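The values are calculated or read from the model by the stated rules, or taken from the named source; none is laboratory data. Computed from a prediction, not measured in an experiment: that's the story for all the values here. Positions of Cβ are generated from backbone atoms using ideal geometry, with glycine treated the same way; all protein chains shown enter the neighbour counts.
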Amino acid sequence: MIRGLHGFKSCFKLFPSGNERGIMKNFEAGFGEWVIKRRWWIIIATLAILIGSASGARYLGFSNDAREFFSGDNPRLKTFEALEATYTKIEGVFFLLAPKNGDVFTARNLSAVEELTEASWQIPYSSRVDSITNFQHTRAEGDDLIVEDLARNSSSFSDAKIARIRDIALAEPLLLNRLVSKSGNVTGINVNIIRPAKSITEVPEIAKYAREMADNFRSKHPDIDLYLAGNTMMDNAFGEAGQKDMSTLLPLMFLVIIFIMGVMLRSLWGTVVTVIVIVASAITGFGLAGWVGINISPPLSNAPMIILTLAVADSIHILVTMFHQMRLGKSKLEAISESMRINLQPVFLTSITTAIGFLAMNFSDAPPFHDLGNTVAAGVMAAFIYSIFTLPALLSIFPVRVKAKAKSRRLLMDDFGDFVVSRRRPVFWGMLILIIGFISAVPLNTLDDVWIKY
């Protein structure tokens, strides 16, 4: 029978010697029983904590600003911002036009460039638009200097005038290899952007408008291939990649975890309880991130997958031990209590050391990695709390059943353990050689932080 506990005092019953190790053993022995006795209160408390932390998710938003990778006091960022304040910002959207006939300099193609150039002024926060058609060309007429667009109303140009425009454009250093290729087969339209930087929705707003423009242009000019580039579009691509991962990879990973747990545990309720714990852990970690004002950056978008991966281990340890005890003939409640006694300290040590490891990411120069480390650490510790309180409480309520076995069957891992122990010397030296081999390959790693190749 499970002995009832009267509060945590019985968990701290001292041995006559007052040995601290004895205190811990008493605590471990009585902890499972304490949780089982108060399972309904624990479930209510879990729901309250989960709802409270999850409500912080409403403050989360995707950030597409590359400046978030630098702290506010970063000297390079300060220098860069001073340069922008002195001259101009270099954020922008770049339209690349590649006519399928291989020649930009035709009346039809120049007219299309002119059309897109005019439309580009409507892009949110645009401050300047540069193309070969609105390039300010200076020519002399007698004693006068005439400054005008290089190609205006180009749809009516004669072949001779287009040939002259081509010669001017390909000889102009401000255009050649900047807005037009040397062979004249592609051209570009550069849109300078000056954002107020007051909202994380500014970059997605610009990208959405530019894409709608591009779609309209393609439908009207199917004979011209149009591509979008520019650092504003690249910033947006990072945020979109994170959102796509969270909407595709995260559910896929979640399904794989459920499938593997179901196969390995062969227990519906064991799988259900584990899923509840790991989902609650991920929600808690992200919810707390929202409460402290963290935005979801590309690195942070990986946090749910990391939390799910780490959180599942705590539950599996407790469940496997519980099932083993039930197969040996113990009742479910006795098995839960014994599993908590065996796993409480190991699960705590693995959780706290894992959290410390991720908190060490605060030493990184990039603030998004601080956010990633802190969020994952919060999720890991939430997984620990849910695993030692909520998991046994739910297991004691749900109809978890495991068939008891009269005689313990020898498992594959038993044979593996015997093999390692009986051949410990060759295994040790073999693994040492293997480790040295892997370490020798460490210098082959190179630092390659090129964003456009991500």
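Can you confirm whether GLY437 is exposed (fewer than 10 other Cβ atoms within 10 Å of the Cβ) and at pLDDT 90 or above? Judged against the criteria, GLY437 is a match.
Among SER387, SER351, which is under 22 Å from ARG38 (Cα atoms), hydroxyl-bearing (Ser, Thr, Tyr) and assigned by TED's automatic domain parsing to the domain that holds ILE276? First the steps, then the outcome.
Details: SER351 fails: under 22 Å from ARG38 (Cα atoms).
Result: SER387 is the single residue among SER387, SER351 that is under 22 Å from ARG38 (Cα atoms), hydroxyl-bearing (Ser, Thr, Tyr) and assigned by TED's automatic domain parsing to the domain that holds ILE276.
Within the set ILE306, ILE294, ILE316, ILE278, the sole residue that is among the aliphatic types (A, V, I, L, M) and part of a loop (DSSP other than H, G, I, E, B) turns out to be ILE294. Here ASP73 fulfils each of the conditions (1) surrounded by 14 or more Cβ atoms within 10 Å (Cβ to Cβ); (2) outside the structural domain of ILE168 (by TED's automatic domain parsing) apart from (1). Within the stretch 142-160, the set of residues being surrounded by 11 or more Cβ atoms within 10 Å (Cβ to Cβ) and under 12 Å from LEU110 (Cβ atoms) comprises ASP149, LEU150, ALA151, ARG152, ASN153, SER154, SER155, PHE157. For the stretch 220-236, the criterion of being surrounded by fewer than 19 Cβ atoms within 10 Å (Cβ to Cβ), of a type in the set (D, E, K, R) and assigned to a loop (DSSP other than H, G, I, E, B) is satisfied by at least one residue. Determine whether ILE258 is of a type in the set (Val, Ile, Thr), under 30 Å from ILE385 (Cβ atoms), surrounded by 14 or more Cβ atoms within 10 Å (Cβ to Cβ) and within 23 Å of the chain's Cα centre (by Cα). Yes; evaluated as a whole, the condition is true for this residue. Do we have ARG58 as surrounded by fewer than 17 Cβ atoms within 10 Å (Cβ to Cβ), farther than 25 Å from SER183 by Cα and not assigned by TED's automatic domain parsing to the domain that holds MET381 here? Spelling it out, ARG58 is indeed surrounded by fewer than 17 Cβ atoms within 10 Å (Cβ to Cβ), farther than 25 Å from SER183 by Cα and not assigned by TED's automatic domain parsing to the domain that holds MET381. Checked across the stretch 328-351, the condition of being under 19 Å from the mean Cα position of the chain (by Cα) and either among the β-branched types (Val, Ile, Thr) or under 28 Å from TRP40 (Cβ atoms) (or both) holds for no residue.
Condition check ((1) on the phi > 0 side of the Ramachandran plot; (2) assigned to a loop (DSSP other than H, G, I, E, B); (3) among the polar types (S, T, N, Q)) across all residues:
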| position | (1), (2), (3) |
| --- | --- |
| ILE36 | no, no, no |
| SER53 | no, no, yes |
| ALA57 | no, no, no |
| ASN64 | no, yes, yes |
| LEU96 | no, no, no |
| ASN101 | no, yes, yes |
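When each of GLU118, GLU68 is tested for being within 30 Å of PHE369 (Cα to Cα) and either touching a residue at least 12 places away in the same chain (Cβ under 8 Å) or out of contact with any Phe, Trp or Tyr (no Cβ under 7 Å at 6 or more places or on another chain) (or both), the lone residue that passes is GLU68. Here's a check for you: in the stretch 161-180, which residue that is in contact with a Gly (Cβ under 9 Å, 6 or more places away or on another chain) and assigned to a loop (DSSP other than H, G, I, E, B) is surrounded by the fewest Cβ atoms within 10 Å (Cβ to Cβ)? Once the filter is applied, the top-ranked residue is ARG178.
Look at (1) under 25 Å from the mean Cα position of the chain (by Cα); (2) modelled with pLDDT of 90 or more; (3) of a type in the set (Val, Ile, Thr) and you find that ILE224 fails only one, number (1).
Yes/no per residue for (1) in contact (Cβ under 8 Å) with a residue 12 or more places away in the chain; (2) among the hydrophobic types (A, V, I, L, M, F, W, C); (3) farther than 24 Å from TYR209 by Cβ:
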residue	(1), (2), (3)
VAL104	yes, yes, yes
ARG108	yes, no, yes
ILE123	yes, yes, no
LEU150	yes, yes, yes
